[in-house]
Structures are given as structure tokens and as C-alpha cells.
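Take a look at the structure below.
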Amino acid sequence: MWRLHRYYLKELAVNAAITFIVLFGVVLISLIYRGIQRSQGGELLDAAKITLFWALDAVPHLLTISFLIATVVTFTRAAQDRELTAVRAAGISPRVPMQSAVLVGIFLSVAASFANHYLIPEVHFMKYRVIKEVVRTAFMNLGLGGDRIKIPNSNQVLTFRRKDELTGDMLDCTIYSPEPISPRLKSSIVFVDRVSIPPTEEWEARNDISILLSGVREPIGTINAATDVGDITIHVGLEDLGSAGGRQDKDEDVTSDQLLAEVMRGVHENPVRAKYTLFRRCCFALMPALLAPIGFCIAEMARNRGRVMALMLALIPLSMFYFGEVLGARLLLSTNNPWSAWMPVVLLLSVGVPVVWRQLKR
């Protein structure tokens, strides 16, 4: 029996690995734009890290899908080559070759359980914080990547025509402000010869950003900024700047042991949501083990219909699983019951148990 197990284990492992690599590569390529977009203010390495973290966040889904596809492809090939028929003719129960898929499914469920409860929350946390949080948020909120800068805590907008290549200062600037930026100025539109912003490395050391306006003058009038108004400095605190448009930590960013500890101590602000997150992670971890016998039976049923039909039939349990995911989230909102997170398992068992029972009893 071990030779039979080893034969199918080898083929199943190779097919699952190839399928996972292909799917992971597709997801990785599709997320390159998002990584570049979110890495504003960082380097190329930061964009690569963000892209990788976003792709790793999808690993539980890719693991389940790739394993189901590999199971269906492997045993559909065996059924078409009459290997499963020969096994039945030899008096061997179809449960014996199915055990190979179940063993791989159990192994993947254990690995997925560790990943869902510990690794994926860390990845989910890190994908928003690859670049140093204060500097990245300040850069994005100030809009230093474009030619328009909105000054925080005000409705003032600064535009510039060119930059000094040596110092990086902005030249020939215009400030639009509902209220005058200085008591000596009356106009809401002000011309500025030079705007200086310190390098990002100095922001945290000084705990604020000092924007120096040099050569301030009105577009109409006789006020000479160099002699009458003088230079104007605008101070912006990093805490105020970093909180603008900031992202609050969620349950998806916290490992399961920390989340459970907060619930048991009564310090979590939404214990029902936390329990739902814990149950949802357990549900995703069980999926490979539950899909193993279902995939085997689908493959044997599609013996005379080909692999394409088998893959089409495999979409049924996958659709039921993700439909249960959506339905469970809806039930949580309407009933406030965390056990609704198990809805994917309930729907999958309601469809899979009759199919597996019928196919194995033939």
C-alpha cells in the first residue's frame, strides 16, 4: 500500500507545487502597480517589499485553490488511465489512493493553520508599514511627489513651476489661501520666490517640518517681501501630519494568541468581531483537508468527461466556500453571532458529504 501512496503522493505534490507557483506568480505580477503606488516616498526595494507582502497575504487562498486543482488533475489522469479502475478490480478500496490526497491535505491544513494564526497577520501588518511610517505618511500627505502641496491643518495650497537641482528647493511658487498668511499681506494669492523643506532624514530628529517661505510678495501692490514682510516659516508637527488619512490597526493585523488574550481579558473593543476573525482563520486552515476527498471524488466522477470538465466541477465546492464566506460576513452584521464564520464549512460539507458518500460506496 505504501508504494501506491508514494506513487500518488509524488505526483500530487509536484502538481500542487507547480500550480501554486504559477498562481503566486500571477498574483505577484498583478500587484506590482499597487506596490509602486503605495511606495511613494520610498525606494525601489520598498516597492518590491510591498508587492511581495500583498502577494503573501493571498497565500491561504492560493494554497486552497492550487491543492484542489492539483488533486483533481492528478486523479482525473489516474481515472482516465484506468488506474483507479484497476485498483477497484484488485479488491482495494478507493479510500486507499484517496488517502494520499488526505495526507497532503492534512499537512497543508497544519501549515495553513500556523500561517493563518501567526505569519499572515504579521504580513498583513507589515505590508502597510514597509517604509518608515512617519516619513512615508508625511510624504504622501504633503504630496511631495507632485507640483501641488496642500499644507496640513489649513486650506492653503502651494504650487511651483520648477525646482533647484542642487538643493531641491521649489522656485517661482504661488500660495492659494482663504486667509492671508501674514498680517502684512491682504491678498489670498501670494507669490513666493523660494520654498525650502528640510530633507526627510531631519523630520523625526526635529519632530516637525519647518517650511521656509522666502521672497513673499503680493501679485498686486507695492509690498516688498524682502524688506517689509520678511521670511515666513510654517511649522507642521509630525504627529498631526501622520494622523491625517492614517490607517488604524485591525484584527487582521494581530496574531491569534494576542487576539484571544484581548478577548479573554475583556479589553478588546469588539469581542464578537475578534471571535469571528479567529473562527474564520480556523475555517481557512481546514479547507485543504476538507477539499481532499471532494477533489478525489470529482476526479473519479469525471473519468469519461476529461480534465476540463473535472476542473469545471471543481469550481462548485470553491464557489460554495467563497459564497459561505460572503454569507457568513452578512450574517455577522445581521445577527452579531461570531459562529457565522463557520458558514463556508457548513455549505462545503452539505455539498461534499453526499458526493463523497455516493462515490465511495459504488
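Tabulated data
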read-out	value
Test: residue in segment 92-114 that is open to solvent by 20 Å² or more (accessible area, probe 1.4 Å), modelled with pLDDT under 85 and either touching a Phe, Trp or Tyr at 6+ places or on another chain (Cβ under 6 Å) or not in a helix (DSSP H, G or I) (or both)	yes
Of residues in segment 197-225 being modelled with pLDDT of 65 or more and part of a loop (DSSP other than H, G, I, E, B), the one farthest from the chain's Cα centre (by Cα)	220
All positions within segment 325-347 that are free of Cβ contacts under 8 Å to residues at least 60 places away in the same chain and under 24 Å from residue 293 (Cβ atoms)	325, 327, 328, 343, 346, 347
Yes/no for residue 360 being over 24 Å from residue 260 (Cα atoms), at pLDDT 90 or above and hydrophobic (A, V, I, L, M, F, W, C)	no
Which numbered condition residue 305 misses (of (1) closer than 23 Å to residue 79 by Cβ; (2) buried (at least 17 other Cβ atoms within 10 Å of the Cβ))	(2)
Residue 87 in contact (Cβ under 8 Å) with a residue 12 or more places away in the chain and surrounded by fewer than 18 Cβ atoms within 10 Å (Cβ to Cβ)	yes
Residue in segment 170-196 that is modelled with the lowest pLDDT, counting only those that are out of contact with any Lys or Arg (no Cβ under 9 Å at 6 or more places or on another chain) and among the β-branched types (Val, Ile, Thr)	181
Residue in segment 115-164 that is modelled with the lowest pLDDT, counting only those that are outside any helix (DSSP H, G or I) and of a type in the set (A, V, I, L, M)	144
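Every residue, every condition in (1) in contact with a helix residue (DSSP H, G or I) (Cβ under 7 Å, 6 or more places away or on another chain); (2) among the charged types (D, E, K, R); (3) exposed (fewer than 14 other Cβ atoms within 10 Å of the Cβ), yes or no:
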| position | (1), (2), (3) |
| --- | --- |
| 310 | yes, no, no |
| 314 | yes, no, no |
| 321 | yes, no, no |
| 326 | no, no, yes |
| 338 | yes, no, no |
| 342 | yes, no, no |
| 348 | yes, no, no |
| 355 | yes, no, no |
| 362 | no, yes, yes |
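The values are calculated or read from the model by the stated rules, or taken from the named source; none is laboratory data. Being a predicted model, the structure only gives us computed values, none of them experimental. For neighbour counting, all protein chains shown are included, and Cβ atoms are generated from backbone atoms with ideal geometry for every residue, glycine included. The area values use the complete protein model at the heavy-atom level, side chains included, leaving out ligands, DNA and RNA. Shrake-Rupley method; radii C 1.70, N 1.55, O 1.52, S 1.80 Å.
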